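The values are calculated or read from the model by the stated rules, or taken from the named source; none is laboratory data. Everything quoted here is computed from the prediction, not taken from an experiment. Cβ: placed from backbone, ideal geometry, glycine included. Neighbour counts: every protein chain shown. For the accessible areas, the whole protein counts, side chains as well, though only heavy atoms, and no ligand, DNA or RNA atoms are used. Shrake-Rupley method; radii C 1.70, N 1.55, O 1.52, S 1.80 Å.
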Amino acid sequence: MSNTQAVMANTKRQVSLGLLLLLCLAGVTDLQAQTNQISRFIDKPLEEPVSVPDWFKLSFLDLYDDIDEAVADGKDGLIIYFGQKYCPYCKAHMQINWGNPDIVKYTRERFDVIAIDVKGSRNITTVDGHVYEEKEFSVLHKTNFTPSLLFYNDNKEIVLKLQGYHPPYRFRAALEFVSDRHYEKETFREYLSRAEMADSFGKNKLNKHTAFMPSPYILDRSKIPAGRPLAVFFEQPRCHACDVLHAGPLSKDLITDDLKKMDVVQLDMQSETRLITPGGRKITAAQWARELDLYYAPTIIFFDGQGKEILRINSVVWLYRLKNILEYILSDAHKKFETYQLWRQYIGRKKSSIE
């Protein structure tokens, strides 16, 4: 890279961080409004299908060629959007994120976007020449929750994956993180932490729940297997999304009843609270959160009786989806179906055959 190119690249990174910080300083009211938009919706399957924007790339689904074409057009990479027709979270993403003219403009300038149906049968050729059907490709990348997005850079590398719906601030930050190649020197979690004031509004204390176990947090399952699954809620004070989760799904009796069938722990992901992990290590909550590369609060991680991670929710989740996830865990379906997505496909086929 020449000196001129290096200066331009550095300038671009500085401008990107400046944009990120401006988003943070844009006002708590706007950020709270963004979160409240998703908190008001009902997450049952839609009656009318979700349509993708007409500016998405029409592709033959050869990802190697698609990335080359994006780069030839002066773009920074390719986004694979994993969705499904009747997904309310997909609709929210389309209306709130890709319904924002500034986010649309930024996306179209920096990326080509290809839509994949997680239940679809079209053939996709990967960058290394393997061919999968859409539903197989979706399972391969463990896109448990729709919408999910894979970000490829100009070197045909996957540099970021987002699962589930994320509010506009975080989605815009993800676009900038990839476009300006911040992944070369830091994780997405580290990138966001430099502007964490953006999420700093809400209650000053952690929310309480009757299912949460008291300290000490001795979660070790490595020597003696536990008879119940474990759910760890990573939260933090002044987290509006955490408040929304507690005021919404966690306030419902049917969710509480399911949680009480598990061992459930709440941790402040920024605290020095001492604990023993499911794998038997002594560590603080903050250290564990860093090791797990958690960038979203609240994040919920489920572990089996031996302390192996089953599934994590690191995006907005509402009543219908959370209830289904708890059923997947409590019914031991995770022992038969490697991913939540495979189980949901099975449930869908079973329901169709009955109808």
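Where Rh denotes the Kirkwood radius from the mean inverse Cα pair distance, what is Rg over Rh for the stretch 121-227?
With Rg and the Kirkwood Rh in hand, the quotient comes to 1.08.
Per residue and in cubic angstrom, what volume does the convex hull of the Cα atoms of the stretch 99-161 have?
In the stretch 99-161, the Cα hull volume divided by residue count equals 102 Å³.
List the residues whose amide H sits under 5 Å from the amide H of Leu311, counting only those 5 or more places along or on another chain, with H placed 1.01 Å from N in the peptide plane.
HN-HN under 5 Å from Leu311: Phe302.
Tell me the angle of helix 63-72 to the major Cα principal axis of the chain, expressed in degrees between 0 and 90 and rounded to the nearest ten.
50
Quote the relative contact order of the stretch 63-191 in percent (integer), defining contacts as alpha-carbon pairs under 8 Å separated by 6+ residues.
Details: 195 pairs, mean separation 38.2, N = 129.
It comes to 30 percent, rounded to a whole number.
Given axes a ≥ b ≥ c from the Cα gyration tensor, I'd like to know whether the stretch 44-170 is rounded (a/c under 1.5), prolate (a/b larger than b/c) or oblate.
Taking the square roots of the gyration eigenvalues as a ≥ b ≥ c, the stretch 44-170 is oblate.
Quote the FRET efficiency, to the nearest 0.05, computed for Leu46 versus Glu327 with a Förster distance R0 of 22 Å and r equal to the Cβ-Cβ distance.
The pair Leu46/Glu327 has a calculated efficiency of 0.60.
Please report, in debye to the nearest 20, how large the charge dipole of the stretch 300-355 is about its Cα centre when each Lys and Arg carries +1 at its beta carbon and each Asp and Glu carries -1 there.
Charge dipole of the stretch 300-355: 160 debye, to the nearest 20.
Could you list, in their original order, any pairs among Lys261/Lys335; Lys119/Lys323; Lys75/Lys185 whose Cα atoms are separated by more than 19 Å?
Checking Cα-Cα distances, Lys119/Lys323; Lys75/Lys185 exceed 19 Å.
Output the direction-averaged projected area (hull surface divided by four) of the convex hull of the alpha-carbon atoms of the chain, in nm².
Taking the Cα atoms of the chain, their convex hull projects to 19.2 nm² on average.
Angle between the Cα long axis of helix 101-110 and the longest principal axis of the chain, 0 to 90 degrees, nearest 10?
60
Assuming 0.36 nm per residue, please report the length gained on full extension of the stretch Tyr86 to Glu133 beyond their Cα-Cα distance.
Length difference between fully extended and current span is 14.9 nm.
Given bins 10 angstrom wide, list per bin the percent of all Cα-Cα distances in the stretch 198-274, short to long.
17, 47, 30, 7, 0
Rounded to the nearest 500, what is the chain's calculated 222 nm mean residue ellipticity when only DSSP H runs of at least 4 contribute -39500 (n - 2.57) each, over all residues?
The per-residue figure over the chain is -11500 deg cm²/dmol.
Take the Cα atoms of the stretch 216-331, find their three principal axes, and give me the spread along each one in whole Å, biggest first.
34, 33, 22
Tell me, what is the percent relative contact order of the chain, built from C-alpha pairs under 8 Å that lie six or more residues apart?
On the way: 563 pairs, mean separation 57.8, N = 355.
Computed value for the chain: 16 percent relative contact order.
List, in the order given, every pair from Lys161/Lys282; Lys142/Lys308; Lys91/Lys260 whose Cα-Cα distance in the structure shown is over 23 Å. Intermediate results must be reported in sequence, preceding the final value.
Details: Lys161/Lys282 29 Å; Lys142/Lys308 16 Å; Lys91/Lys260 32 Å.
Cα-Cα > 23 Å for Lys161/Lys282; Lys91/Lys260; rest within.
Rounded to the nearest 20 debye, what is the charge dipole size of the stretch 223-355 about its Cα centre when +1 sits on each Lys and Arg Cβ and -1 on each Asp and Glu Cβ?
Numbers: 20 positive and 16 negative charges, 74 e Å.
About 360 debye.
Given the options Met269, Met94, Met213, state which has the largest fluctuation in a GNM of the chain using a 10 Å cut-off (strictly under) for Cα springs.
Maximum fluctuation in the GNM of the chain, among the listed residues, is at Met213.
Once the Cα atoms of the stretch 281-348 are picked out, what are the Rg and Dmax in Å?
When restricted to the Cα atoms of the stretch 281-348, Rg and Dmax are 13.4, 42 Å.
What residues have an amide H closer than 5 Å to that of Leu267, excluding those fewer than 5 places away on the same chain, when H is modeled at 1.01 Å from N in the peptide plane?
Under 5 Å from the amide H of Leu267: Phe233, Phe234, Glu235.
Considering only protein heavy atoms and a probe of 1.4 Å, how much of the accessible area of the chain is carbon and sulfur, as a whole percent? Please report the intermediate quantities before stating the final value.
Values: 8770 of 17220 Å².
Percent of accessible area from carbon and sulfur atoms in the chain: 51.
Can you tell me, using C-alpha contacts under 8 Å and at least 6 residues apart, the relative contact order of the stretch 257-355 as a whole percent?
After rounding, I find 17 percent.
Largest first and in whole Å, what are the equivalent-ellipsoid semi-axes of the stretch 146-291 based on the Cα gyration tensor, each being the root of 5 times an eigenvalue?
Values: eigenvalues 177, 77, 52 Å².
After scaling each eigenvalue by five and taking roots: 30, 20, 16 Å.
Sort 78-84, 215-221 for me by packing, meaning the mean count of neighbouring Cβ atoms within 10 Å per residue, highest on top.
78-84, 215-221
Which whole-number value in Å² is the accessible area per residue of the chain, probe 1.4 Å?
That works out to 48 Å² for each residue.
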